[in-house]
Amino acid sequence: MSDTKKILSTMLAKDNFSKWMGIVVDEYKEGYCRLHYTITADMLNGFGIVHGGIIFSGADSAFAFACNSHGILSVALDVHITFIRAAKAGDMMTVTAKEIHTGNKTSFYDITTTTDKSEIVSVFKGTAYRTGKPVE
């Protein structure tokens, strides 16, 4: 098993929230993660559209997987999300996290969530703090 696959396995084994969301990781390598999940009725707000917290959580999961892919325990230091369009039950979300820069103490990522029709739902920017400790 490659180092990145071991890191992902370690993270997913303890990640009950991502399991609840139905997150499936499609592609994973250093500095990169692409995953998907489907919006369910339990994820809708009072207007019948996806709750913003769900979109944020999907992006945050991709961010976490990508920034820990180097094997250094990394945690969110600062994040920002812009919601562009709504999604509804049955829509499949694809989330792509791409590393922009990794330094000794911080790393920066762009995370985009799109529908199965390639419509952008959100753009998420994340800064991670690299603790220097290994992912275990």
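The values are calculated or read from the model by the stated rules, or taken from the named source; none is laboratory data. Please read these numbers as outputs of a predicted model, since none were measured by experiment. Every residue, glycine among them, receives a Cβ derived from its backbone with ideal geometry; neighbour counts consider all protein chains shown. For accessibility, only protein heavy atoms count, side chains too; no ligands or nucleic acids. Shrake-Rupley method; radii C 1.70, N 1.55, O 1.52, S 1.80 Å.
If you look for lysine pairs in the chain that are eight or more places apart or on different chains, how many of them have Cα atoms under 12 Å apart?
Counting lysine pairs in the chain gives 5.
Remind me, relative contact order of the range 1-93 in percent, using alpha carbon pairs under 8 angstrom and six or more residues apart? If you can, show how the numbers build up before the last one.
Numbers: 106 pairs, mean separation 32.2, N = 93.
Rounded, it is 35 percent for the range 1-93.
Given a Förster distance of 22 Å, report the FRET efficiency between Thr82 and Asp26 from their Cβ-Cβ distance, rounded to the nearest 0.05.
0.40
Sorted by accessible area (1.4 Å probe), largest first, how do Tyr129, Tyr28, Tyr37 line up?
Working: Tyr129 85, Tyr28 35, Tyr37 0 Å².
The residues order as Tyr129, Tyr28, Tyr37, largest area first.
In degrees between 0 and 90, to the nearest 10, how far off the longest principal axis of the chain does helix 3-13 point, with axes built from Cα atoms?
The two axes meet at around 50 degrees.
In the range 38-74, which chymotrypsin sites (Phe, Trp or Tyr not before Pro) fall in coil by DSSP and have 13 or fewer other Cβ atoms within 10 Å?
Phe47
In deg cm²/dmol and to the nearest 500, what is the mean residue ellipticity at 222 nm of the chain if only DSSP H runs of at least 4 residues count, each as -39500 (n - 2.57), divided by the residue total?
Estimated from H runs of four or more residues: -7500 deg cm²/dmol.
Between the range 50-78 and the range 16-32, what is the C-alpha centre distance in whole Å?
About 10 Å separates the Cα centre of the range 50-78 from the one of the range 16-32.
Considering only protein heavy atoms and a probe of 1.4 Å, how much of the accessible area of the chain is carbon and sulfur, as a whole percent?
Details: 3920 of 7200 Å².
Exposed carbon and sulfur together represent 54 percent of the surface.
Taking a probe of 1.4 Å, how large is the accessible area per residue of the chain, in Å²? Walk me through the numbers on the way to the answer.
Working: 7200 Å² over 136 residues.
Heavy-atom accessible area per residue stands at 53 Å².
On a full-extension model of 0.36 nm per residue, what is the gain between Lys133 and His51, subtracting their alpha-carbon distance, rounded to one decimal in nm?
Values: separation 82, 0.36 × 82 = 29.52 nm, distance 3.40 nm.
Extending this stretch completely gives an extra 26.1 nm.
Please give the helix 52-67 orientation as an angle from the longest Cα principal axis of the chain, in degrees from 0 to 90, rounded to the nearest 10.
Helix 52-67 sits roughly 20 degrees off the main axis of the chain.
Over all distinct alpha-carbon pairs, what is the Kirkwood Rh of the chain in angstrom? Kindly include the intermediate steps, with their values, before the conclusion.
Values: mean 1/r = 0.0672 Å⁻¹.
Hydrodynamic radius (Kirkwood, Cα pairs) of the chain is 14.9 Å.
Can you compute the charge dipole magnitude of the chain about its Cα centre, using +1 on each Lys and Arg Cβ and -1 on each Asp and Glu Cβ, nothing else charged? Give it in debye, rounded to the nearest 20.
So the dipole magnitude of the chain works out to roughly 180 debye.
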